[in-house]
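Novice: Take a look at this one; I'll ask things after.
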């Protein structure tokens, strides 16, 4: 997921050609308080004028308890976007956003970036059927907790695990916080590996140059894709015979292995490594 | 919409347009653009359409274009109008 400042026409024009799976047009932190009106109108006109292809289009609105948030949501809800990214989300904010989005098919992605939001995450993510993913905001979270944000990320380990557990419980995507040193590619790589290892399904970036690194880490290898394809082929054969469990290469394939294979195939298709059939 | 004060919007960054508007009798539009010969008429047309949409009949507009597309011109003019009408 690539953050793009909402008040920058040049970036809005090029948003869908940078290789990200999702673009987040940002009306919140990337826009100064004096330009909130300008960014909202620019993003609205851009979404009417431009046709973003092959990317999920997300708008990060301002928090709903500020003077800008509800106006942002009202402006965006009938435009060509997929998802509203809801900052400083908690259960009440998600319910309010859900109500304001009535009559639309827009999804909600809560941004967990406060200590109360983190501790009540399951309730927050369960508060609306529109929620299909969650993003961790490490910068604001550590600020809220009064602790230093480091490149190593030990201070957000608990938060990452908590976000992943809640997302897995609800079978939705868990997207990791951006790595904010845009010149440290090795740091981004390590940070992305850490996120993947604990179960994050994606990562936000604030610089397009980070997209390739994130993709390379989250992409399944060719061997993994081939094995997943074989498992699915054998599964179809077994299912046709009415068998729930089967063996492949001498090992039993049961539901968890099958589910992992399905996820590998889905990820490979999303990343363009496998053609849709 | 009545324009009661000066309003500004946009930047001098590439692909943007900096718009200044002020109260006036009638409509007066001045445009500067590196692509004036090719797109000057279109920029004027988009500005006039935006003024019409917002029912503005008395205004001075100065637009300094840096290669803005139609959506940016519309957005910056609308923002400047909102700011000048407050």
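The values are calculated or read from the model by the stated rules, or taken from the named source; none is laboratory data. Because the structure is a prediction, the values reported are computed rather than measured. Heads up, the Cβs are rebuilt from the backbone with ideal geometry, glycines too, and the neighbour counts pull from every protein chain shown.
Novice: Counting only residues that are surrounded by 18 or more Cβ atoms within 10 Å (Cβ to Cβ) and not in a helix (DSSP H, G or I), which one in the range A:75-88 is farthest from the other protein chains (Cβ to nearest Cβ)?
Specialist: Looking at the filtered set, the residue picked out is A:88.
Novice: Quick test for you: out of A:39, A:46, pick the one residue that is in contact (Cβ under 8 Å) with a residue 24 or more places away in the chain, within 14 Å of chain B (Cβ to nearest Cβ), assigned to a helix (DSSP H, G or I) and touching a helix residue (DSSP H, G or I) at 6+ places or on another chain (Cβ under 6 Å).
Specialist: That would be A:46, the only listed residue that is in contact (Cβ under 8 Å) with a residue 24 or more places away in the chain, within 14 Å of chain B (Cβ to nearest Cβ), assigned to a helix (DSSP H, G or I) and touching a helix residue (DSSP H, G or I) at 6+ places or on another chain (Cβ under 6 Å).
Novice: So, of the residues in the range B:1-28 that are assigned to a strand (DSSP E or B) and surrounded by fewer than 16 Cβ atoms within 10 Å (Cβ to Cβ), which turns out to be nearest to the other protein chains (Cβ to nearest Cβ)?
Specialist: B:27
Novice: Quick check on the range A:1-31: of everything there that is at the interface with another protein chain (Cβ under 9 Å from one of its Cβ atoms) and not in a loop (DSSP other than H, G, I, E, B), which residue is surrounded by the most Cβ atoms within 10 Å (Cβ to Cβ)?
Specialist: Among those residues, the one meeting the criterion is A:12.
Novice: Residue A:168 - would you say it is at pLDDT 90 or above and surrounded by fewer than 16 Cβ atoms within 10 Å (Cβ to Cβ)?
Specialist: Taking the combined requirement at face value, the residue satisfies it.
Novice: Filter the range B:22-47 down to the residues that are under 13 Å from the mean Cα position of the chain (by Cα) and under 21 Å from residue A:50 (Cα atoms) and list them by number.
Specialist: Once the filter is applied, which keeps residues that are under 13 Å from the mean Cα position of the chain (by Cα) and under 21 Å from residue A:50 (Cα atoms), the range B:22-47 yields B:42, B:43, B:44, B:45, B:46, B:47.
Novice: Next question, about the same structure. Can you tell me which residue is nearest to residue A:46 (Cα to Cα) among those in the range B:52-83 that are more than 12 Å from chain A (Cβ to nearest Cβ) and buried (at least 22 other Cβ atoms within 10 Å of the Cβ)?
Specialist: The extreme case among them is B:63.
Novice: Scan A:34, A:72 and give me the residue that is crowded, with 17+ Cβ neighbours inside 10 Å and either farther than 30 Å from residue A:267 by Cβ or within 14 Å of chain B (Cβ to nearest Cβ) (or both).
Specialist: Answer to the check: A:72.
Novice: Output the residue which, of all residues in the range A:59-69 that are touching a residue at least 40 places away in the same chain (Cβ under 8 Å) and touching a helix residue (DSSP H, G or I) at 6+ places or on another chain (Cβ under 6 Å), is surrounded by the most Cβ atoms within 10 Å (Cβ to Cβ).
Specialist: Residue satisfying both the conditions and the ranking: A:59.
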